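Have a look at the structure below, then the notes.
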Amino acid sequence: MRLAGRISDWNEDKGFGFVMPNGGGDRAFVHVNAFQRGSRRPVDGDLISYLPVKDSRGRVNAKEIRHAGQKIEAPRVPSRVPRTALGAIGLIGAAVLAATGVLPVFMAMGLLGSSALAYFMYWIDKAAAQRGDQRTPESTLHVLSLVGGWPGALIAQQQFRHKTIKPSFQRMFWTTVAINVSVVAWLVHSGVAAELSHSWGS
């Protein structure tokens, strides 16, 4: 049975809050990803309808959320950014550059390790968001992308449908990608990468 209530304690930065059903009852956890596609960003006091669902710990989560007056779910729009493909290209490109001696093996391995860690941290953060637990700081996710974990982050963003809606996060994320790619390109173009590869015996 769908319930109606108003959003409270909304945290715009983290994308979650709570809703108390009209007429009383259990407070439910509200996450921005549970809103229908095409919905505007919620704010405190918004009247919504939702489906209460208990998680494995018995806590109530709001699912299939609609703003008051929103009757028809907007059609799902596929992401215009092929995140998984771009992430795979980044990993494969690093492997090819390392195999041809353009990029030191230790740098390629660093990118692979950072990507694996970034993927894991996105998975942990997504799970925490769904449970209402403490989240991974966005700065941590950005640092991982900056040091070369952006391919894994891209794959995780698409697979988990996580951190793809918030504009401020995406702007900073793509900034870290641009910085990392630019630094690697400079290392290769300037010959520094080749010197490092030679000195490390790669």
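The values are calculated or read from the model by the stated rules, or taken from the named source; none is laboratory data. Because the structure is predicted, anything quoted here is derived from the model rather than measured. No Cβ is skipped: glycine too gets one built from the backbone with ideal geometry, and neighbour counts run over all protein chains shown.
All of (1) of a type in the set (Ser, Thr, Tyr); (2) part of a loop (DSSP other than H, G, I, E, B); (3) modelled with pLDDT of 90 or more hold for residue 8 with one exception: (2). Scanning for something in contact with a strand residue (DSSP E or B) (Cβ under 7 Å, 6 or more places away or on another chain), on the phi > 0 side of the Ramachandran plot and outside the structural domain of residue 184 (by TED's automatic domain parsing), does the stretch 46-61 turn up at least one residue? Checked against the condition, which is being in contact with a strand residue (DSSP E or B) (Cβ under 7 Å, 6 or more places away or on another chain), on the phi > 0 side of the Ramachandran plot and outside the structural domain of residue 184 (by TED's automatic domain parsing), the stretch 46-61 yields no hits at all. The single condition from (1) without any contact (Cβ under 8 Å) to a residue 60 or more places away in the chain; (2) out of contact with any Asp or Glu (no Cβ under 9 Å at 6 or more places or on another chain) that residue 169 fails is (2). Quick check on the stretch 125-148: of everything there that is at pLDDT 95 or above and in contact with a Ser or Thr (Cβ under 7 Å, 6 or more places away or on another chain), which residue is surrounded by the most Cβ atoms within 10 Å (Cβ to Cβ)? Selected residue: 148. Looking only at residues in the stretch 1-19 that are surrounded by fewer than 16 Cβ atoms within 10 Å (Cβ to Cβ) and among the hydrophobic types (A, V, I, L, M, F, W, C), which one is farthest from the chain's Cα centre (by Cα)? By that ranking, first place goes to 1. Only residues that are more than 20 Å from residue 166 (Cα to Cα) and surrounded by 15 or more Cβ atoms within 10 Å (Cβ to Cβ) were counted across the stretch 23-42, and they come to 2. Restrict the check to the stretch 150-163 and report whether at least one residue is of a type in the set (S, T, N, Q) and free of Cβ contacts under 8 Å to residues at least 60 places away in the same chain. There is no residue in the stretch 150-163 that is of a type in the set (S, T, N, Q) and free of Cβ contacts under 8 Å to residues at least 60 places away in the same chain. Residues in the stretch 43-57 that are surrounded by 15 or more Cβ atoms within 10 Å (Cβ to Cβ) and either assigned to a strand (DSSP E or B) or at pLDDT below 90 (or both): 48, 49, 50, 51, 52. Of the helices (runs of 4 or more DSSP H) contained entirely in the stretch 132-202, those carrying at least 1 residues that are more than 29 Å from residue 102 (Cα to Cα), in the same structural domain as residue 112 (by TED's automatic domain parsing) and not β-branched (Val, Ile, Thr) fall at 138-144, 150-160, 167-190.
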